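Here is the structure we will look at.
We did not get these values from a lab; they are worked out from the coordinates using the rules stated. None of the values given here were measured: they were computed from a predicted structure. Note: ideal-geometry Cβ built from the backbone for every residue, glycine included; neighbour counts use all protein chains shown.
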Amino acid sequence: MTSVHRAEPSAPVPEPGPRGRDRPSAKPMSWAMLSRALAVPLILALVCFLPAVIAAQPGTGARDTAYWLQLVLTCYAGARLATMILSTRRRLLQGVFWMFVYIAMGVAPFAQAVIGQTPTPLIGPRSDLVTAVALVLVGCAAFDLGALLASRRPLRERPAGRAGNGPATVHRGRLGLLVLLALVASGYYVLKVGGPAVFFTSRQEISDSVAASGVASGASNVGSAFLKGFGTVPALLALLFCTRRLVTSRRARRSPATVLAWCVLAALNVVVNNPVSNARYWFLTVLVSLLFTAFPTSAAMYRSVLALGVVGALVLFPYADRFRYDSAGYRPVESSSVFEPLATKDYDQTVMFANTVTWVDTWGHTYGRQLAGSALFFVPRSVWGGKPEDTGVRVGQWMGMNMTNLSAPLWTEFWVDFGAVGMTGAFALIGYAAARTDRRYARAVSRAGPGGVTAVVVPLIAGYTFILLRGPLLQAMGKPAIALLCLLLVTSFRGRSGRDPY
């Protein structure tokens, strides 16, 4: 690894070196000793015990090729997730990727294969399900290959000394503008839906209030998406940047203005980003990004998020849609088995991939059209008459489903456009980029000052990875675009010789 520049004395970073590399030498038991003690039971639990318990469940599922491939995928993802948890380095993006694969593409579909039920019906032949599971395995292997290639290349530093060529930092004055934008945008959002109390009722009530406000016109949801996006994203991003300042800067903790701004933003996020009025995946983004930002060098927090995330996803997530509808429309989950909700609710990623394989066999690949629609999400349909719909919506309409809010996992998006070869190459690039970004993040949290952009953006991306992997991409593109605009507002690239924005 190439040498790196030493942090400036003015940057209030906590003791770089061994502590920055997550090696707490002051504790009586080192992490190396503890990891050796936990390695065997953790790997056995994820790779052997949980799959064995699921396989022993009663059900009508066939023990065919799809079943055995699904078992291999579950064990493979479990082994990789255990590696992420036990690693001495915090790998946020890779860790979240393998947690999603283990839960949504591994354990849940395996439970469906055993019990013989799926949240969405399988339209095509069983062989398409075999193809879908095999393609998921290929994509995971390609991701690993890309990450391995990235680990063999050293990181490069930006040349120092010239203005405009320094590391990405948050300009203090423009951060104030972001805080003001968050207050105005979220305040407008709250007023439009009828006050703070509505945010503690249900998501259905929020949607009805937005529709009644006249923001969305006709069949288009663009106005509603922009209202919700600007009402939630700037508030979260401003809170993350202020949290980073308070965590890393003693001067910021002694500043009444900074502490007051954080308190106001925290209260604002409790209203607009709470789990009652927001989708579960978005609240996961809020929670994960805030935890990783508030505890930037905590190996215990990183491992707790990955380990407890599995438990929460399997046990709590199927029941976490309590506030999707009002009391009249809510249908509680009634099951005598903890695994039955996995087979009947939420986790439709694998079966939707199989249905998409059938759809492609009927209509052919789209050769970049679906991804182009996602990239150009901001173009209205009145201008682009043939703008493609969400991949999940298109497949759901073809299936004859009344409810077309169906998932289209990232594997599906690449498969629809580019086939197996394109999907494999795309996941290799994603694995490469994720590994490189994780290494830069590990460097940033220990060496960057309170204004380090990377130390905040990577946790935000890690949290939003759940949404990107679940898909469809077209639905997922709005909030990242708003976040990018906010980052452009506050980011500065001053050279190290210039005055620190903080």
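Listing for the model above:
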| quantity | calculated |
| --- | --- |
| Isotropically averaged projected area of the stretch 354-502, using the convex hull of Cα atoms (one quarter of hull area), nm² | 11.2 |
| Positive dipole terminus of the stretch 334-386, leading residue within PRO341, GLY385, TYR367 (C-beta point charges) | GLY385 |
| Built amide H within the under 5 Å cut-off of GLY452, gap 5+ | VAL170 |
| Global geometry of the stretch 398-472, whether rounded, prolate or oblate, following the gyration tensor of its Cα atoms and the 1.5 cut on a/c | oblate |
| Nearest-20 debye value, the stretch 55-176 charge dipole, Cβ charges on Lys, Arg, Asp, Glu | 920 |
| Residues ALA211 and VAL40, FRET efficiency given R0 of 56 Å [Cβ-Cβ distance, rounded to 0.05] | 0.55 |
| Over 16 Å [Cα-Cα, the stretch 45-170], rounded percent | 68 |
